[in-house]
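Derivation of every value follows stated rules applied to the coordinates shown; laboratory data play no part. Predicted, not measured: the structure shown is a model, and the values here were computed from it. Here the Cβ is made from the backbone with ideal geometry for all residues, glycine too, and neighbour counts use every protein chain on show.
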């Protein structure tokens, strides 16, 4: 929260992504969202979406729970695996209630039964976009932290990891086989480069970056 | 005489005139010759007296008129010789003429006398001739009478002859000659016995000698030889002819042919003997022939029964004659036999009656009784002859025939099959009883083409006429069906099957059967209805299975319509609405509305219960329609569809809905077969193609579990299902649908995975050809 407000800057208008194999439905949804002053991007199939560059703005995904080739739930999982965390609004046909429940459990924003009321769709999409906006904001902090983290030298990263793990300077020096003074210098660099105002701040950063878990993952 | 003298004067005057004329005109002196001529003429024509007178007159007139001096009678001297010569000449001429005249006169007299004699002779001759003719007439009369007599004698068919008193033959008539073949020359003067049969000569000669001696008439029968050598019996009578004094002049003999009478007598005797013999033989024959024979009196009283009859019955003649024979007639037949027998006796006509007769051993056999009347010349029945013929075998054959006919009739009745015969040449038609019944006619009805046509359903008449026409023009086999419209409005279905055969006379005859297949047709129709209902039920069930997909198919355009509508409303709420957006959305609304309508139409057609009429259709269209309905089902099951359709296909003749049902069923089967598959792509291929230019083929291939030997066997059986909840009707119905369309449906395993279901249908043109009326 502290960083979002801080980093607030002009963003592109949000985009609603639609996947439907039925052109009629695609066009209709596109029309509906345009009439709601929302930007729209349409895809005929899930692979088509995965294969294309997604807009770097708040967006959400509207799709039918039954898609050609792959079902909505599986696709949901695939997206998650691919690190695409788009909030999803499912459209369902008659008799797909159990599937819808599973979708909700898997993190879908909402599901609408076709045909749906426009207001319901608007509400769902608004919620999804808000959700995404928040997610994106969060992701922005993280990525900024990552940028900062990446600006550290390897030694500084090691020091930061150990500091945020709660080790004393002396312990760190011992761990790294350097002098305590050196540790302090690294620590000062870390604090400055990471723009941490306190050790607590840095510890939170480390948590966000998940340093303990993904030493190598953070590299990418 | 005066006339003669006048002529003399005139002749002299004429001569003088001519002489004077000559003198006057020719200056020549008149000539004495003129006077001489005149005198000559007078002497020839009038006689001597006038001639002398004329001479005198001539001399005088000559002297007077010519000699000088003229006109005087004075005679000069010089004229005297002239006058003298003249006078002499004149007298000579007169004398000559007189002499000639006399001879001519005597000649005439002689001729006249001749003529008179000739006349006399002619008259005598004529008289002779008349006399002669009269005599001839009398002679002719006499000879005619004689001839007539002769002819009479000759014409008499009796042999007439006459003999001299000493017994020599002096005359034979024509009949005699004709009979004996001998001429008069041969026999006249001979003895009488030359032509008599040698056996009769002796007695004939003796009697004849006696007769001659006594001069008494003789009568004798003897055989006389005829011209051809045959001796025939004759009655010969010889009578003597005497003159007034009682002297014997000649013998007359007559002889009659009595041979026929003689022979008739002999024959009568002979025939009497033969009759006796014949009767004996007849009895023998009657007793020995292998037929039962009998004789009764006109009143039916049995007089005679032959041995065979008696042997068979074991009765003696006494036991059977009269009316006793009734004892051996079967009690059931007796009354009828007796009444028939009485009727026959009353009618006097021959007839036939059948009855059973008991054999000596007690067995009854069927006999045919055949009495026939024997009538006298007046037509009255004298006696009845009769035979009994054993007809047991025939009777049994008859009853066998009756039985088999009854069986046939019963079979025809049971199978509702009638038979008929149709003689092509005469047009004669024969019907069995059942045929009458099927066509609804009384047996008494006269069969004809018209009454057949009356019963034929008006819509089928042309067709049936064509069949008849074909039969008349050499078609040897008929096999067709048509409808009958019965008087009550009832419709019957008739299957007619007929073959041309040669009858006994070698003529063509159409022999056939007609079967009332109404019930079969009705059953078929009921079956068809049941099948259609089953197919419908199956269709509805299949639609139930895919109801989610169908709902989706309807829902999609519906959702799109609503979304577009809402979008429109929102567009219009904008401060400056972009009408292009609104128009675009509305166009989509219309499009989606139509699309939803199409889907509903498809579903409706599949849910409809009634059959749609068959029509020529493109099978690719049907495939596309079904695929459109099942798209969602395919995607939901993760099945990718490949359409491998021939770009252009000839039409097939089919019920669109049923065909779509088949395709839908095959696709659904394919989808289900691939449900357990996760290690390979689920691919369904639908291919259409033209096969052999005669059939359209549709093949649905899946990559599913494939066919097991078990499932392949029962695949198309009703109630066969590999699915836990399956009714097992789908493929069975599919197959019957395809077969009703004249096609085939089968399944075969794919080389790698899954199975292919394929069906073929005949082309519309080929189907149309077969689409004859019932």
Under a point spin-label approximation (7 Å from Cα along Cα-to-Cβ), what is the residue B:646-residue B:394 distance to one decimal in nm? 7.2 nm
Bins of 10 Å from zero: percent of alpha-carbon pairs in segment A:33-96: 18, 56, 24, 2
Kirkwood-based shape ratio for segment B:160-276, expressed as Rg/Rh from alpha carbons: 1.06
Using the eigenvalues of the Cα gyration tensor, what equivalent ellipsoid semi-axes result for segment A:71-153 when each is taken as the square root of five times the eigenvalue, whole Å, largest first? 32, 16, 7
Quick one: P(r) of segment B:335-426 from all Cα-Cα pairs, 10 Å bins, percents rounded to integers, in order of increasing distance. 14, 27, 23, 20, 13, 3, 0
Percent of alpha-carbon pairs separated by more than 46 Å within the protein assembly as shown: 74 percent
With label points set 7 Å from each Cα along the Cα-to-Cβ direction at residue B:95 and residue B:408, the distance between them in nm comes to 15.4 nm
If contacts are Cα pairs under 8 angstrom and at least 6 residues apart, what is the relative contact order of chain B in percent? 5 percent
D (Stokes-Einstein, µm²/s), Kirkwood Cα radius, chain B, 0.890 mPa s at 25 °C: 53 µm²/s
Ratio for segment B:611-684, C-alpha Rg to 2.2 N^0.38 Å, reads 1.22
Run through the DSSP bridge list for chain A and note the antiparallel percent, rounded to the nearest 5. 5 percent
For B:571-580, what's the mean count of beta carbons from other chains sitting within 10 Å of each residue's beta carbon? 1
Enter the mean number of other protein chain beta carbons within 10 Å of the beta carbon of each residue in A:36-43, as an integer. 1
Rg/Rh for segment B:385-489: what does it come to with C-alpha atoms and Rh from Kirkwood? 1.12
I need the peptides B:141-150, B:658-667 ranked by packing, meaning the mean over residues of other C-beta atoms within 10 angstrom, with the highest value on top. B:658-667, B:141-150
Please tell me the relative contact order of segment B:35-166 in percent, rounded to the nearest whole number, where contacts are Cα pairs under 8 Å and at least six residues apart. 23 percent
Expressed as cubic angstrom per residue, what is the convex hull volume of the alpha carbon set of segment A:13-59? 51 Å³
Relative frequency of Cα-Cα separations exceeding 22 Å in segment A:88-220, percent: 53 percent
Assuming R0 = 56 Å, can you tell me the calculated FRET efficiency for the pair residue B:271 and residue B:469, based on Cβ-Cβ distance, to the nearest 0.05? 0.20
So, R0 is 30 Å and r is the distance between the beta-carbons of residue B:244 and residue B:143; what FRET efficiency does that work out to, to 0.05? 0.65
Per-selection metrics, segment B:417-460 (Cα): Rg and Dmax in Å: 10.5, 28
Inter-label distance for residue B:454 and residue B:107, nm, one decimal - labels placed 7 Å from Cα along Cα-to-Cβ: 12.8 nm
Percent of all Cα-Cα pairs per 10 Å bin for segment B:282-366, counting from 0 up to the last occupied bin, reads 17, 50, 31, 2
Listed peptides B:274-284, B:547-557 by packing density, highest first (mean Cβ within 10 Å): B:547-557, B:274-284
Hull surface divided by four, with the convex hull built on the Cα atoms of segment B:550-595: how many nm²? 2.7 nm²
Two-decimal Rg/Rh across segment B:45-154, once Rg and the Kirkwood Rh are taken from alpha-carbon atoms: 1.72
Cα-based Debye curve of segment B:440-525 sampled at q = 0.12, 0.21, 0.22 Å⁻¹ gives log₁₀ I(q)/I(0) of -0.41, -1.13, -1.21
Run lengths n ≥ 4 of DSSP H only: what is the helix-derived mean residue ellipticity at 222 nm for the protein assembly as shown, with -39500 (n - 2.57) per run over all residues, to the nearest 500? -18000 deg cm²/dmol
Kindly provide the Kirkwood hydrodynamic radius of segment B:76-225 in Å, to one decimal, from all pairs of distinct alpha carbon atoms. 23.7 Å
How far, in degrees from 0 to 90, does helix B:619-636 lean away from the longest principal axis of the Cα atoms of chain B, to the nearest 10? 10 degrees
Over segment B:413-453, what is the relative contact order in percent, taking alpha-carbon pairs closer than 8 angstrom and at least six residues apart? 33 percent
Can you list the equivalent-ellipsoid semi-axes of segment B:201-266, largest first and in whole Å, using the square root of 5 times each Cα gyration tensor eigenvalue? 28, 12, 10
For segment B:328-389, count all C-alpha to C-alpha pairs, find those more than 17 Å apart, and express that count as a whole percent of the total. 43 percent
Volume per residue that the Cα convex hull of segment B:510-656 spans, once the total is divided by residue count, Å³: 188 Å³
Difference of contour (0.36 nm per residue) and Cα-Cα distance, residue B:551 to residue B:578: 6.3 nm
I want to make sure I understand the PRE zone here: with the label point 7 angstrom from the Cα of residue B:689 toward its beta carbon, which residues in segment B:610-651 have backbone N atoms less than 17 Å away? B:619-620, B:642-650
Mind checking the mean number of beta-carbon atoms from other chains within 10 Å of the Cβ atoms in A:115-122? 4
Report, in degrees rounded to the nearest 10, the 0 to 90 angle that the Cα long axis of helix B:2-26 makes with the longest principal axis of chain B. 80 degrees
Can you report the principal axis dimensions of segment B:227-356 using only the alpha carbons, biggest first, rounded to whole angstrom? 97, 31, 29
By average Cβ neighbour count within 10 Å, what is the ranking of B:695-702, A:54-61, B:84-91 from highest down? B:695-702, A:54-61, B:84-91
Could you state the angle between the C-alpha long axis of helix B:656-674 and the longest principal axis of the C-alpha atoms of chain B, as a value from 0 to 90 degrees rounded to the nearest 10? 40 degrees
Average projection area in nm² (convex hull over Cα atoms of segment B:187-237, one quarter of hull surface): 3.7 nm²
